[in-house]
Amino acid sequence: MRRSFDGLQALTRHSMGHDPLDGSLYVFVSRRGAQMRVLYFDRSGFCVWGKRLETGRFISDWSRVHAGEMNWTQLKLLIEGIEPGHQRKRYQQTEVRNKPCIYAPLSAAMG
């Protein structure tokens with residue numbers, strides 16, 4: 001996802017047919033579904049908020065996706081990766097094991 005302020009603003013205005021200056025939040029998800037950007041306008045200018053997932057995706061089934069309005073609860077669920085109607089988690093968390101740590105004092109390594 002390479003678009004930023006101007007690109008997202010133009011996409012909102014021309015492709016979606018909405019006025020990006022109206023104070024609404026416009027959510028854009030990348031093709032892979034691992035990146036999200038939110039464009040909005042406050043009184044002094046455009047703001048872009050972004051989130052990139054290290055594992056998993058925001059959206060698992062693109063056939064169910066459509067452009068439309070959502071409320072704050074739906075936006076929060078999307079940001080947290082919870083899809084209503086799905087019972088499985090977005091990603092599996094791997095267990096962190098305690099690995100032995102190799103430690104050498106800085107003075108020993110330098111000289």
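Rule-based calculations on the coordinates, nothing more; no lab input. Being a predicted model, the structure only gives us computed values, none of them experimental. Neighbour counts run over all protein chains shown; Cβ positions are idealised from the backbone, glycine included.
The table for this structure:
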{"read-out": "Per-residue HN-Hα couplings for the range 20-33 [Karplus 6.51, -1.76, 1.60; θ = phi - 60°; Hz; x = Gly/Pro]", "value": "x, 8, 7, x, 6, 9, 10, 9, 10, 10, 5, 4, 6, x"}
{"read-out": "Percent RCO, i.e. relative contact order, over the range 5-86, from Cα pairs under 8 Å lying at least 6 residues apart", "value": "20"}
{"read-out": "Order of F5, F58 under a 10 Å beta carbon neighbour criterion, fewest first", "value": "F5, F58"}
{"read-out": "The range 1-91: translational diffusion in µm²/s, Stokes-Einstein, Kirkwood Rh over Cα pairs, 20 °C, 1.002 mPa s", "value": "153"}
{"read-out": "FRET efficiency, E69 to D6 (Cβ-Cβ, R0 22 Å, nearest 0.05)", "value": "0.40"}
{"read-out": "Estimated distance in nm for a label pair at M16 and W62, the labels positioned 7 Å out from Cα along Cα-to-Cβ", "value": "1.8"}
{"read-out": "Exposure proxy ranking, count of Cβ atoms within 10 Å, fewest first, for I59, I82", "value": "I82, I59"}
